[in-house]
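Peer 1: Handing you this structure, nothing more for now.
Just so it is clear, none of the values below were taken in a lab; they were calculated from the coordinates. Not measured: the values here are computed from a predicted model. Glycine also receives a Cβ, built like all others from the backbone with ideal geometry; neighbour counts cover every protein chain displayed.
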Amino acid sequence: MHSDAVGIRIDDPSIKTYRMVERSERLDFDIRDHTVRPAVSTPHRHEFFQIQVNATGGASQVISGQRRQYRARSLIFVLPYRVHCAYNPCEPSYTIINFATNFLRRDFDLSPLEMEEVSLTDYPELAPFLYEGHIDFEFDDEEFAHIQGLLRHMTALNHRRRLGTLERIRGTLLELIGFTTERFESELRGLTERRIYLQGRTDALKRAIRHIDENLDKPLSLYSVAEAAFLSPNYLSQLLKKHTGLAFVDWVTVKRMDRAQDLLAHSEDRIFEIANGVGFSDEAYFTRRFHQRFGLSPSEYRRRVRQG
């Protein structure tokens, strides 16, 4: 694999952050081939995990400021909020998998910064995502045939969802990630031992994000969160924008909507109780914001989830 430095500023305000609803047919998991929709060829982020499976060579991606060339029978793993853009050949053949941050594990609530510092013992499913750009995730014919079988299985399951189907999709996706992690275990362990952890300003931002997560049911302002994190409001605003691509208000809204989504799927609370629990005193306003983010009303979302 070949890589070149590329001058992309990750704090560029013009870099768009995509939501799951903008790039997928479903809000939890989606799999599609290259014919369904064109790749985004400008620098961007997205709030979800992504895996690109290249059947042919010639693809390239700019990830973390490096342009990397990908051969046939290769996988690309993209963390949420990591700035990247894709350049695919004239006659591509690839499959895209998108899945929400809590799809593999419901207890997954790490911030973008915390994802880059996790222990692989605790989160082995993140290993390929953390070290994309440092390892060539390329496979031989037999290995890639196994991967293609997993893709066909997930695609078939995704087209005919029933009660229990999501658990089967999740298991197959974990097989894909686990197969990759096992295949490249020595390289992944070597990189883990040489990791350089983020320090200083990221610790401050983590304090702010933790305060937001713990107080979603209360009024939150840039000033109150900055005070809790021992930062100036302007500095906090700049840090959040740099690392997530979102302004303070947008980030708080994302976290509130994601918490509401989880409560709708996994609790018996009524809509107004969920709205109050994530910081909305007006149920109608909460419903409008939820529909704006997910394309469904809260009651419609709950009904679809429970119908499988």
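Peer 1: Would you say Thr155 is in contact with a strand residue (DSSP E or B) (Cβ under 7 Å, 6 or more places away or on another chain) and either over 19 Å from Arg106 (Cα atoms) or surrounded by fewer than 16 Cβ atoms within 10 Å (Cβ to Cβ) (or both)?
Peer 2: Working: in contact with a strand residue (DSSP E or B) (Cβ under 7 Å, 6 or more places away or on another chain): yes; either over 19 Å from Arg106 (Cα atoms) or surrounded by fewer than 16 Cβ atoms within 10 Å (Cβ to Cβ) (or both): yes.
Answer is yes for this residue.
Peer 1: Take the stretch 64-81 and flag every residue that is in contact with a Ser or Thr (Cβ under 9 Å, 6 or more places away or on another chain), buried (at least 22 other Cβ atoms within 10 Å of the Cβ) and either small (Gly, Ala, Ser) or closer than 30 Å to Arg259 by Cα (or both).
Peer 2: Phe77
Peer 1: Looking at Leu231, Leu246, which is the one that is touching a helix residue (DSSP H, G or I) at 6+ places or on another chain (Cβ under 7 Å), part of a loop (DSSP other than H, G, I, E, B) and closer than 17 Å to Met20 by Cα?
Peer 2: On the way: Leu231 fails: closer than 17 Å to Met20 by Cα.
Sole residue among the options that is touching a helix residue (DSSP H, G or I) at 6+ places or on another chain (Cβ under 7 Å), part of a loop (DSSP other than H, G, I, E, B) and closer than 17 Å to Met20 by Cα: Leu246.
Peer 1: Run down Glu167, Glu114 and say which single residue is without any contact (Cβ under 8 Å) to a residue 60 or more places away in the chain, part of a helix (DSSP H, G or I) and among the charged types (D, E, K, R). Walk me through how you get there before you give the answer.
Peer 2: Working: Glu114 fails: without any contact (Cβ under 8 Å) to a residue 60 or more places away in the chain.
The unique qualifying residue is Glu167.
Peer 1: Of all the residues that make up the stretch 37-61, how many are part of a loop (DSSP other than H, G, I, E, B), closer than 27 Å to Leu104 by Cα and touching a strand residue (DSSP E or B) at 6+ places or on another chain (Cβ under 7 Å)?
Peer 2: Of the stretch 37-61, the ones part of a loop (DSSP other than H, G, I, E, B) are 37-43, 47-48, 55-58.
Right, trim to closer than 27 Å to Leu104 by Cα and you get 37-40, 43, 47-48, 55.
Then drop every residue that is not touching a strand residue (DSSP E or B) at 6+ places or on another chain (Cβ under 7 Å), which leaves 39-40, 43, 47-48, 55.
Total meeting the criteria: 6.
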